[in-house]
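Report on the structure given below.
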Amino acid sequence: MINERPTGGSVTVSPGSGIAYQTKFYVTGSSFSDYEDGSSMSFYKFGYRLYTGGPITWFHEGSELQTPSF
């Protein structure tokens, strides 16, 4: 059985703009809960798609205790 995506929550990127390969961006996800039992999410992955239906490129995974920067 595959778990459904989480509900609620938000993702924040700071700063809101910068220069590729020069600016360090901080990505934070908060207040997500499990679709099936409502529990808080403690592990996550960040990724992106270049186009709808395209492959996902994952660039970070971790726990709620970490604030990744790129």
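Each of the peptides 8-19, 23-34 was scored by the mean count of other Cβ atoms within 10 Å over its residues; in descending order, highest first, they stand as 23-34, 8-19. A simple spin-label model places the labels of Val13 and Tyr48 0.5 nm from each other, with each point 7 Å out along Cα-to-Cβ.
No lab work stands behind these numbers, since they all come straight from the coordinates. Predicted, not measured: the structure shown is a model, and the values here were computed from it. Backbone-built Cβ (ideal geometry, glycine too); neighbour counts: all protein chains shown.
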